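Here the structure comes first, spelled out in structure tokens, and everything after it is commentary.
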Amino acid sequence: MKNNRWNMGLLVFCALIAANFSLTSPALAQEEEAEETSKLTPAEVLAAAPVEHWLPIPVSDLMVLTLPDATDGTKRQAVIQLLPAKLSGGHVRNVRAFARTRWWDGTKIYRVAKDFVTQFGGNPDAKKLPKGIEAVPEREYFNAALGAKRDADMTALNAAVAYSNEYLGTDIQPLMKIIYESYGAKVGFGAGWPIGSKTVDGEVKYYPITCRGSLSPAHYDPPDSGSGAELSAITGEAARNLDTTFGMVGRVIDGLEHMQNLPLGTAPGGFYADKSQHIEIQSIRMAYELPLAEQPRYEYLASYSPALLQYIAAHGDYGNICTVAVPIRKVSR
């Protein structure tokens, strides 16, 4: 009898546990789904991003830099995305003019500093500048339209994250929970670009952040901020001190390795010690000038997509806003 009562009690206990599990399983399933989502790899996050969150990069904002083939026959091209006209100023207008007039063809890469920059363009050839090149004041390092776009995209992102966390059971962290910003600047993304701001003479100023792959024009003694004839491709991670001390005209989105994996300069600053070491640039073209079949096509993950934050978080221990590049993918025609 005692054994029967024990067995009956055990059966009742198990039934209660099963019933309780059955009642709570939807909540548990939601938690498990959120946990599984948080464990996605960066590639899986991008694969799951809504297709409408992938936005085209206008061909009119792309340039193609071509170097002579490598000794093993490898084609060497780099695709450059310029800041859109409405988010930039004189430096970008000049860069477009240099490309349209074929001015860079035959100029040289003359500086390769390890984990810092690859520099190319006008110097040391001292070519005469094409007509119409602007003198660009340092105030054009800043652009109010950048701030308006960043703030609009970040407001939309915060709203999308709040909705996803409340109604879809996700646990997406805000941007500043998964990065730090050690330069005292307010940061965010706008139109696929990392954008910072700081107060100058009591006014908030906005600027594109100089990350790895960025293109920065050489400048000279103030107020001469350079024409854009000489450009440096940033190849290292420690270039944030260039923010607002140099301009920023765009970024290399494909083929940066062809500009980085070159013989290092041995003179101070990474310059080539002898002109015989210079590497000739075969051509730099605006992409829309190429035959249609050769025009590159790319998309970027929208700055207002929660998948952007999931992608950043999926990299684990994170750093500042430059540590993980904005997702960009090549697409077929």
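Taking other residues whose beta carbon is less than 12 angstrom from the beta carbon of Pro263, and scoring Lys, Arg as +1 and Asp, Glu as -1, yields +1. Dividing the summed -39500 (n - 2.57) terms of all DSSP H runs of n ≥ 4 by the residue count of the chain sets its mean residue ellipticity at 222 nm at -9500 deg cm²/dmol. Apply the a/c threshold of 1.5 to the C-alpha gyration tensor of the range 120-245 and tell me whether it is rounded, prolate or oblate. In terms of gyration-tensor shape, prolate.
Counted residue by residue at 0.36 nm each, then reduced by the alpha carbon distance between them, the extension gain from Glu44 to Ser60 reaches 2.7 nm. Once you reduce the range 268-297 and the range 46-78 to the center of their Cα atoms, the two points are 14 Å from each other. At R0 = 41 Å, how high is the FRET efficiency between Ser276 and Ser332 if r is their beta carbon distance? Nearest 0.05 is fine. It comes out at approximately 0.50. Helices meeting the span-like rule in the chain (full DSSP H runs, Cα extent of at least 30 Å along the helix axis, mean Kyte-Doolittle score of -0.5 or higher): 2-38, 144-167.
Taking a sphere under 13 Å around the Cβ of Cys322 and counting the other residues whose Cβ falls inside, with K and R at +1 and D and E at -1, yields a net charge of 0. Accessible surface area normalised per residue over the chain is 52 Å², counting heavy atoms of protein chains with a 1.4 Å rolling probe.
Of the cross-linked pairs Lys75/Lys330; Lys86/Lys127; Lys198/Lys330; Lys128/Lys275; Lys131/Lys275; Lys86/Lys114, those separated by over 26 Å at the C-alpha level are Lys86/Lys127; Lys198/Lys330; Lys131/Lys275; Lys86/Lys114. Among Lys75, Lys108, Lys39, the residue with the largest mean-square fluctuation in a Gaussian network model of the chain, with springs joining Cα atoms closer than 10 Å, is Lys75.
The charge dipole of the range 107-193, taken about its Cα centre with unit charges on the Cβ of Lys, Arg, Asp and Glu (plus for the first two, minus for the last two), comes to roughly 580 debye.
The share of Cα pairs per 5 Å bin across the range 230-312, counted from zero up to the longest distance, runs 3, 8, 14, 17, 20, 17, 10, 7, 3, 1 percent. Could you tell me what percent of the accessible area of the chain is made up of carbon and sulfur, with a 1.4 Å probe and every protein chain present? Ligands and nucleic acids excluded, carbon and sulfur give 55 percent. Calculate, for Glu166 and Val204, the FRET efficiency according to 1/(1 + (r/R0)^6) with r their C-beta to C-beta distance and R0 35 Å; round to the nearest 0.05. For Glu166 and Val204, the calculated efficiency is 0.65. The structure-derived value of percent of Cα pairs over 29 Å apart appears in the list [x] 42; [y] 46; [z] 56 under the label [y]. Other residues whose C-beta falls under 10 angstrom from the C-beta of Ala233 contribute a net charge of +2, scoring Lys and Arg +1 and Asp and Glu -1.
The values are calculated or read from the model by the stated rules, or taken from the named source; none is laboratory data. In this text, all values refer to a predicted model and were calculated from it rather than measured experimentally. Neighbour counts are summed over all protein chains in view; Cβ atoms, including those assigned to glycine, are modelled from backbone coordinates with ideal geometry. Surface accessibility is based on the protein's heavy atoms, side chains included, excluding ligands, DNA and RNA. Shrake-Rupley method; radii C 1.70, N 1.55, O 1.52, S 1.80 Å.
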